[in-house]
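The values are calculated or read from the model by the stated rules, or taken from the named source; none is laboratory data. These numbers were taken from a predicted model, which means no experiment stands behind them. Cβ coordinates were reconstructed from backbone atoms using ideal geometry, including for glycine residues, and neighbour counts include every protein chain displayed. Note: areas computed on protein heavy atoms with side chains; ligands, DNA, RNA excluded. Shrake-Rupley method; radii C 1.70, N 1.55, O 1.52, S 1.80 Å.
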Amino acid sequence: MGPGVSRALATYRAARVRDVRYELDLSKLQAKDVAWDNSTKTLRVQLPEIEVAGPDVDINAVREYGSGGVLSQLTNANQQLDQANRARAVADLRKQATAEVPMRLAHQAARAAVERSFAMPLIAAGFKDVKVVARFPTEGTDEASYLDLSTPYEEAIKEAERRRAAQGQR
């Protein structure tokens, strides 16, 4: 490869990311996703999963480093490199945006906003001590299941001992 080729491949562009949006589409909520428990004055909301939009890359902030050389003068190598690099950069930024910590922060912010927004009309309607619990599908549920109702080991041993004693099998 000649010097023009190596310079063309060494050319890169740096851009500034303006925004990665975490969107919660409440229009996806269905009646089965919202449940009122009158005994505890609790509204439970099963939220749709957050969607990552973007990232928005500020094209005006793109800076070019290096020079294209002969290859860029004779071919569209720079354009192809730009497209490939841009696609890789956007994919990498999306991967970073969907990592555990940013997603946890997005869930916390969305959950808090939904809980406040759903509680306001209930409070305005005269419900006192109302509680709104919003959950995402990936967070599981706080509803009891048969696994949650299992007997601890120590209690099972004591219960077996009580039964044996009651039956006179000791």
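Checking Gly126 against (1) more than 31 Å from the chain's Cα centre (by Cα); (2) at pLDDT below 90; (3) open to solvent by less than 90 Å² (accessible area, probe 1.4 Å), only one condition comes out false. Which one?
Failing condition for Gly126: (2).
So for the stretch 50-67 (the condition being touching a Pro at 6+ places or on another chain (Cβ under 9 Å), of a type in the set (Asp, Glu), at pLDDT 90 or above and under 28 Å from Lys131 (Cα atoms)), does at least one residue qualify?
no
Kindly provide the set of residues from the stretch 83-105 that are under 12 Å from Asp56 (Cα atoms), modelled with pLDDT of 75 or more and not hydrophobic (A, V, I, L, M, F, W, C), ordered by number.
Result: Arg94, single match.
Could you look through the stretch 32-57, keep only residues that are free of Cβ contacts under 8 Å to residues at least 40 places away in the same chain and outside any strand (DSSP E or B), and pick out the one that is most open to solvent (accessible area, probe 1.4 Å)?
Lys32
Scan the stretch 93-114 and tell me whether some residue there is over 16 Å from the mean Cα position of the chain (by Cα), in a helix (DSSP H, G or I) and of a type in the set (Lys, Arg).
Scanning the stretch 93-114, I find no residue that is over 16 Å from the mean Cα position of the chain (by Cα), in a helix (DSSP H, G or I) and of a type in the set (Lys, Arg), so the answer is no.
Of everything in the stretch 129-149 that's open to solvent by 80 Å² or more (accessible area, probe 1.4 Å) and out of contact with any strand residue (DSSP E or B) (no Cβ under 9 Å at 6 or more places or on another chain), which residue is modelled with the highest pLDDT?
Asp129
Mind listing just one residue for me: the one in the stretch 1-20 that is open to solvent by less than 90 Å² (accessible area, probe 1.4 Å) and in contact with a strand residue (DSSP E or B) (Cβ under 6 Å, 6 or more places away or on another chain) and, of those, modelled with the highest pLDDT?
Restricting to residues being open to solvent by less than 90 Å² (accessible area, probe 1.4 Å) and in contact with a strand residue (DSSP E or B) (Cβ under 6 Å, 6 or more places away or on another chain), the top hit is Val20.
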